[in-house]
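Colleague: One structure follows; several queries about it will come next.
The values are calculated or read from the model by the stated rules, or taken from the named source; none is laboratory data. Quick caveat, the model's predicted, so the values are computed rather than measured. All Cβ positions, glycine included, derive from the backbone under ideal geometry; neighbour counts span all protein chains shown.
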Amino acid sequence: MEFAEEAFVLSARAHGDTGAVVDLLTETNGRRAAYVAGGASRKMRPFLQAGARVSVELRARTSDHLGSAKLEPIGEGPSALFDDPLALTGLAAAAAVAQGALPEREAHPGAFLAFEALMGAFAIPAIWPAIFVRFEAGLLEDLGFGLDLSRCAVTGGMDDLIWVSPRTGRAVSREAGAPYADKLLALPPFMLGAQAGLGEGDIRAGLDLTGHFLEQFVFHPQNKPLPPARVWMLDKLAEAGRL
């Protein structure tokens, strides 16, 4: 089998003396690993960084075999963020979450588009943490575990939704959830609409929310923890006063 399309690099590791095995996220062919000849060279190393956008031509004997790929860089990629260590930390976390959550060789175009939107947002320090939360929510939805934030799970009402059930992922209104407030997850307003803006603690609440369901529905069934790169991102955001 063979295909040619654009992709994002999720990770790369040395293979042999000069090659590399690269994990790629494509829109129509899903997450694919491929051997890249010369991938360990100084020339290719810069565009095999996590988050780099590339044009890929992949060939494999069958869909189940590790194929070989030719890559060409598209745009600046992660090098455009070298002056922003916090954004680079977020980029590494996004790549690790996508790689750990998405099954290989299974198309998830929604996840690709969410990742693409997040890559564009890293250049805007004020908004990328909120877009990261939306990226993870989109990833959950594309994997079949989407949060239902449209109405209260108890009353069916659409107003004053401030919590989420940690069991079902459904929104709960202030009044209905009051007796169980200590058991519910906070729902930051920006997850209900872009016009809501960001308040103090909203980014932490959003990351706690998506992290809970990623852990419960995606990583725990694989006997894996949330990626260390994501934990590191939270620590750095907290140090920077961004949570």
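Colleague: Would you say Ala34 is surrounded by 21 or more Cβ atoms within 10 Å (Cβ to Cβ), modelled with pLDDT of 95 or more and within 23 Å of the chain's Cα centre (by Cα)?
Modeller: Answer is no for this residue.
Colleague: In the list Arg105, Arg59, which residue meets the criterion of being among the basic types (Lys, Arg) and either over 18 Å from the mean Cα position of the chain (by Cα) or farther than 25 Å from Gln222 by Cα (or both)?
Modeller: Only one candidate passes the filter, namely Arg59.
Colleague: Give the residues of region 25-51 that are under 22 Å from Thr89 (Cα atoms), among the aliphatic types (A, V, I, L, M) and in contact with a Gly (Cβ under 9 Å, 6 or more places away or on another chain), sorted by residue number.
Modeller: Once the filter is applied, which keeps residues that are under 22 Å from Thr89 (Cα atoms), among the aliphatic types (A, V, I, L, M) and in contact with a Gly (Cβ under 9 Å, 6 or more places away or on another chain), region 25-51 yields Met44, Leu48.
Colleague: Residues in region 158-178: is at least one assigned by TED's automatic domain parsing to the domain that holds Gly138, closer than 26 Å to Ala111 by Cα and among the aromatic types (Phe, Trp, Tyr)?
Modeller: Of the residues in region 158-178, the ones assigned by TED's automatic domain parsing to the domain that holds Gly138 are none.
No, region 158-178 contains no residue that is assigned by TED's automatic domain parsing to the domain that holds Gly138, closer than 26 Å to Ala111 by Cα and among the aromatic types (Phe, Trp, Tyr).
Condition check ((1) in contact (Cβ under 8 Å) with a residue 12 or more places away in the chain; (2) farther than 24 Å from His212 by Cβ; (3) part of a strand (DSSP E or B); (4) in contact with a helix residue (DSSP H, G or I) (Cβ under 8 Å, 6 or more places away or on another chain)) across all residues:
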residue: Phe3; (1), (2), (3), (4): yes, yes, yes, no
residue: Val9; (1), (2), (3), (4): yes, yes, yes, yes
residue: Ala20; (1), (2), (3), (4): yes, yes, yes, yes
residue: Leu25; (1), (2), (3), (4): yes, no, yes, yes
residue: Gly39; (1), (2), (3), (4): yes, yes, no, yes
residue: Lys43; (1), (2), (3), (4): no, yes, no, no
residue: Ser55; (1), (2), (3), (4): yes, yes, yes, no
residue: Ala87; (1), (2), (3), (4): yes, yes, no, yes
residue: Ala96; (1), (2), (3), (4): yes, no, no, yes
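Colleague: Still on this structure, I have one more. Name the single residue that is surrounded by the most Cβ atoms within 10 Å (Cβ to Cβ) among those in region 216-239 being in a loop (DSSP other than H, G, I, E, B) and without any contact (Cβ under 8 Å) to a residue 12 or more places away in the chain.
Modeller: Only one residue fits best here, namely Pro225.
Colleague: Using the structure shown, decide if Leu184 is surrounded by 14 or more Cβ atoms within 10 Å (Cβ to Cβ) and either touching a Cys at 6+ places or on another chain (Cβ under 8 Å) or within 23 Å of Ala87 (Cβ to Cβ) (or both).
Modeller: Judged against the criteria, Leu184 is not a match.
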